[in-house]
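**Q** Sharing a structure, written as structure tokens. Questions coming.
The values are calculated or read from the model by the stated rules, or taken from the named source; none is laboratory data. Keep in mind that this is a model prediction, so the values were computed, not measured. Here the Cβ positions follow ideal geometry from the backbone for every residue, glycine too, while neighbour counts run over all protein chains shown. Areas reflect the complete protein model, heavy atoms only, side chains present, ligands, DNA and RNA absent. Shrake-Rupley method; radii C 1.70, N 1.55, O 1.52, S 1.80 Å.
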Amino acid sequence: MSEKETLLDLLLANPQEFISGEEISRRLSVSRTAVWKQINKLREAGYEFEAVPHKGYRILRKPERLDTLSLIKAMKTKTMGQKVKIIESTVSTQEEAKLLAEEDAPEGTLVIAEEQTGGKGRMGRKWYSPKGKGIWMSLVLRPKQPMHYMPQLTLMTGVAVCRAVRRTTGVMAGLKWPNDLLVNGRKISGILLESAAEDEYVRYCIAGIGISVNLDPQDYPEALTDVATSLKIEAGEEVDRVALIAAVLEEFEVLYALYQQEGFGPIASLWEALSVTLGKSVTVNTARGAVIGTAEKLDHSGALLIATGEGQHVSIFSGDVELKR
């Protein structure tokens with residue numbers, strides 16, 4: 001039996017009682033320093049402890065682990081998520097899903113990781129993905145459409161995640177163009193769609209979804225404390241990740257069918273109803289410079305229409321939106 005398993009056995013045997021570092025050291029035949037290192041490894045794995053001088057340690061919380069059986073039982077979908085791969089740790093679920101897509105994985109194949117060490121956001125940014133605290137997943141899609149329609153799928157994915165978050169947690173998240181979910185001005189979710197094309201048509205698309213679910217304030221690096229939040233922080237209680245994953249996939253499947261049958265119009269209306277961008281004064285940083293004005297609506301392609309001070313309207317197809325508070 002490994003040190004980690006033995007230490008866990010000791011702590012879980014009587015979870016209400018403290019066990020001293022000296023007692024752990026004696027029973028495991030290791031140094032007090034080794035005990036402290038093992039406690040920190042367990043903390044990194046998502047376990048929470050109470051440590052009291054002269055009394056020792058007791059376990060407060062075991063990390064919730066995602067498992068395929070629970071996920072499939074929770075899902076009410078026909079396609080999305082019916083094939084699931086759960087990974088303990090990976091660089092990026094996007095890269096894992098791309099490999100499966102290249103091996104002809106069916107549409108709806110889902111890759112989920114407990115932890116990403118190199119999670120990706122837009123424009124090559126990193127996405128913070130600590131172990132056991134969030135939903136870090138990628139979905140294989142095979143839409144039969146030209147590449148230039150892909151921004152519409154990004155917006156559709158945002159609608160699905162936003163509706164699922166509101167329905168499951170009661171947290172009133174809103175959509176910031178093109179791919180973020182905000183609560184009280186802070187980010188809880190980001191979406192990244194990456195596609196492979198052939199003759200200008202999509203061969204497959206990977207919809208990456210990151211949701212900060214059960215992170216506590218102390219989990220965030222200092223650089224993110226003012227710009228990021230989690231569903232647990234906003235709801236005041238832990239959120240069931242399995243239920244939220246199932247809800248996201250259910251909403252996605254319904255909207256994906258609607259999009260394929262009726263096009264972008266109904267999706268645009270749903271997005272606009274959930275938007276925290278429209279009607280706001282914004283600065284959009286684009287490759288050609290900053291555009292300043294009022295965000296008015298989506299155009300037929302999914303671009304953001306900005307009314308500038310000069311009485312002009314500019315369609316933004318890609319850029320970073322800053323909302324003026």
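**Q** Which residue is most open to solvent (accessible area, probe 1.4 Å), if the candidates are limited to segment 98-107 and must be part of a helix (DSSP H, G or I), out of contact with any Phe, Trp or Tyr (no Cβ under 6 Å at 6 or more places or on another chain) and among the hydrophobic types (A, V, I, L, M, F, W, C)?
**A** Looking at the filtered set, the residue picked out is L99.
**Q** Sort out which residues of segment 213-227 are surrounded by fewer than 20 Cβ atoms within 10 Å (Cβ to Cβ) and outside any helix (DSSP H, G or I), and write them in order of number.
**A** Within segment 213-227, the subset surrounded by fewer than 20 Cβ atoms within 10 Å (Cβ to Cβ) is 216-227.
If the condition is that a residue be surrounded by fewer than 20 Cβ atoms within 10 Å (Cβ to Cβ) and outside any helix (DSSP H, G or I), then D216, Y220, P221, T225, D226, V227 are the ones that fit.
**Q** Now for a separate question. List the residue pairs whose Cβ atoms are under 6 Å apart, where the first residue sits in segment 227-246 and is farther than 22 Å from G208 by Cβ and in contact (Cβ under 8 Å) with a residue 60 or more places away in the chain, the second is polar (S, T, N, Q) and part of a helix (DSSP H, G or I), and the two are 6 or more positions apart or on different chains.
**A** Once the first residue is farther than 22 Å from G208 by Cβ and in contact (Cβ under 8 Å) with a residue 60 or more places away in the chain and sits in segment 227-246, its partners that are polar (S, T, N, Q) and part of a helix (DSSP H, G or I) give A235/T169.
**Q** Also: Collect the residues in segment 173-212 that are open to solvent by 20 Å² or more (accessible area, probe 1.4 Å), assigned to a strand (DSSP E or B) and of a type outside the set (A, V, I, L, M, F, W, C), keeping them in residue-number order.
**A** Passing the criteria: K176, D180, R186, K187, E194, S195, E198, Y201, R203.
**Q** A follow-up question, please. Cβ-Cβ under 8 Å, sequence separation 6+ or interchain: first residue in segment 7-33 and open to solvent by 80 Å² or more (accessible area, probe 1.4 Å), partner in a helix (DSSP H, G or I) and among the small types (G, A, S). Which pairs?
**A** Close Cβ pairs (under 8 Å, with a partner that is in a helix (DSSP H, G or I) and among the small types (G, A, S)) amount to R32/G21; R32/S25.
**Q** If a residue has to be aliphatic (A, V, I, L, M), closer than 25 Å to R186 by Cα and assigned to a helix (DSSP H, G or I) to count, how many in segment 249-280 make the cut?
**A** So the count comes out to 6.
**Q** Any residue in segment 158-172 that is open to solvent by less than 50 Å² (accessible area, probe 1.4 Å), within 26 Å of K280 (Cα to Cα) and at pLDDT below 95?
**A** no
**Q** Being assigned to a loop (DSSP other than H, G, I, E, B), among the polar types (S, T, N, Q), over 27 Å from the mean Cα position of the chain (by Cα) and exposed (fewer than 14 other Cβ atoms within 10 Å of the Cβ), is that true of even one residue in segment 300-310?
**A** no
**Q** Further question: So which residues in segment 71-97 are open to solvent by 50 Å² or more (accessible area, probe 1.4 Å) and in a helix (DSSP H, G or I)?
**A** Hits for segment 71-97 are I72, K73, E95.
**Q** Since I59 meets every condition but one in (1) without any contact (Cβ under 8 Å) to a residue 40 or more places away in the chain; (2) within 29 Å of the chain's Cα centre (by Cα); (3) part of a strand (DSSP E or B), which condition does it not meet?
**A** Exception for I59: condition (1).
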